[in-house]
Amino acid sequence: MTDKHSIRVFAPAKLNLFLHLTGCRSDGYHTLQSLIGFADIGDIIEIEPAEHFHFSVEGSFAKTLEKEGAQSDDNLVVKAAQSLAQIVDKNLDVHIRLTKNLPVAAGLGGGSSDAAATIWGLQEYWGLSRDTPYLWPLLTRLGADVPMCLHCQPQVVKGIGEELGSALLMPEIPVLLVNPLQSCSTTDVFLRGANKVFKDNIDVPADFSSVFELIAFLQKCNNDLFDGAVSLLPEISNIMAALETQKNCLFARMSGSGASCFGLFETMNEAEKAAKIIVKDNPDWWVKLAWLNRPERY
């Protein structure tokens, strides 16, 4: 979505379809194995010419982000833009506008997806090659989840998230996302009870021909951060119960370190019916419909 004056990049929500902890490094970071997918709901990054660098935030969750220091150099969008400009020796004479549609600290990879979208957009804006030796080190320095968010493909990730497998074949699946509008710190979740018994990496099929094949596989897996997240934010259990009791919800799980949970459905009509019920019963929750594996990326 480009013209010679501006760039618009979609930063989709990331879902951890399963998340297993496989070890703990000497630096304290846990290693993991996770199957990730992306939904066609997310934030927007817009880049346009400006005399001096400027970053602004708008959207449903702009105020939440601003309270956490959106304008500071610690913001991942700002850090991504400044880091890339320094590496490629470009003047950062742009205005970057973030439309924040996803809840903050929600287990949906919002900040990492925003950073990846910023890198992608600035490469397009400056006419830079995608295949460059600086790109991977830059992405990994920005954060463990940033590399996996660059291409928005369903895939298995390992290590601390920086080891990416090949893209998997997976159907488009209706998904219902629910968040209690309470943030859930990843660091605190680990401190509250990340599993001490680690798992071996498992084999993941390269092709899921239907939602039923995917669910049959996911039922053999877990999110190892669930117990720690629930101990920090018990409302997550209520969200899971709300999803699991919906007549046509085929499968439900928490994403990442929480607090967002997702339900998978066979049809969008069934997902819509479940959304209406959950919204009626829980008007204070963030409830959104989306398609998994159909991100309108750029």
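The values are calculated or read from the model by the stated rules, or taken from the named source; none is laboratory data. Keep in mind the model is a prediction, meaning the values are calculated, not measured. Backbone-built Cβ (ideal geometry, glycine too); neighbour counts: all protein chains shown.
Exactly one residue out of 178, 204, 189 is assigned to a strand (DSSP E or B) and surrounded by 15 or more Cβ atoms within 10 Å (Cβ to Cβ): that is 178. Assessment of the range 227-237 against the conditions (farther than 24 Å from residue 272 by Cβ, among the hydroxyl-bearing types (Ser, Thr, Tyr) and outside any loop (DSSP other than H, G, I, E, B)) yields at least one matching residue. When the range 1-51 is limited to residues that are small (Gly, Ala, Ser) and in contact with a Leu (Cβ under 7 Å, 6 or more places away or on another chain), the one that is nearest to residue 199 (Cα to Cα) turns out to be 34.
Remark: pairs (first residue in the range 109-124, touching a residue at least 40 places away in the same chain (Cβ under 8 Å) and within 12 Å of residue 139 (Cβ to Cβ); second residue assigned to a loop (DSSP other than H, G, I, E, B) and of a type in the set (Gly, Ala, Ser); Cβ separation under 6 Å; 6+ apart in sequence or on different chains) = 112/143.
Kindly establish whether residue 280 is among the basic types (Lys, Arg), assigned by TED's automatic domain parsing to the domain that holds residue 184 and more than 27 Å from residue 169 (Cα to Cα). So residue 280 fits the description; yes. Close contacts from the range 244-259, counting a first residue that is in a loop (DSSP other than H, G, I, E, B) and a second that is of a type in the set (D, E, K, R), with Cβ to Cβ under 6 Å and a gap of 6+ residues or different chains, come to 248/270. Identify all residues within the range 245-265 that are more than 25 Å from residue 32 (Cα to Cα) and within 22 Å of the chain's Cα centre (by Cα); write none if there are none. Passing the criteria: 249, 250, 265. Kindly provide the set of residues from the range 33-61 that are in contact with a Cys (Cβ under 8 Å, 6 or more places away or on another chain) and part of a loop (DSSP other than H, G, I, E, B), ordered by number. Passing the criteria: none in range.
Within the range 40-54, the residues that satisfy the criterion of being more than 18 Å from residue 294 (Cα to Cα) and either in contact with a His (Cβ under 7 Å, 6 or more places away or on another chain) or among the acidic types (Asp, Glu) (or both) are 46, 48, 49, 50, 51, 54. The one condition from (1) under 22 Å from residue 77 (Cα atoms); (2) in contact with an Asp or Glu (Cβ under 9 Å, 6 or more places away or on another chain) that residue 192 does not meet is (1).
Restricting 77, 104 to residues that are assigned to a helix (DSSP H, G or I) and within 26 Å of residue 254 (Cα to Cα) narrows the list to 77.
Applying the condition of being of a type outside the set (Asp, Glu) and part of a loop (DSSP other than H, G, I, E, B) to the range 1-32 and asking which residue is surrounded by the fewest Cβ atoms within 10 Å (Cβ to Cβ) yields 26.
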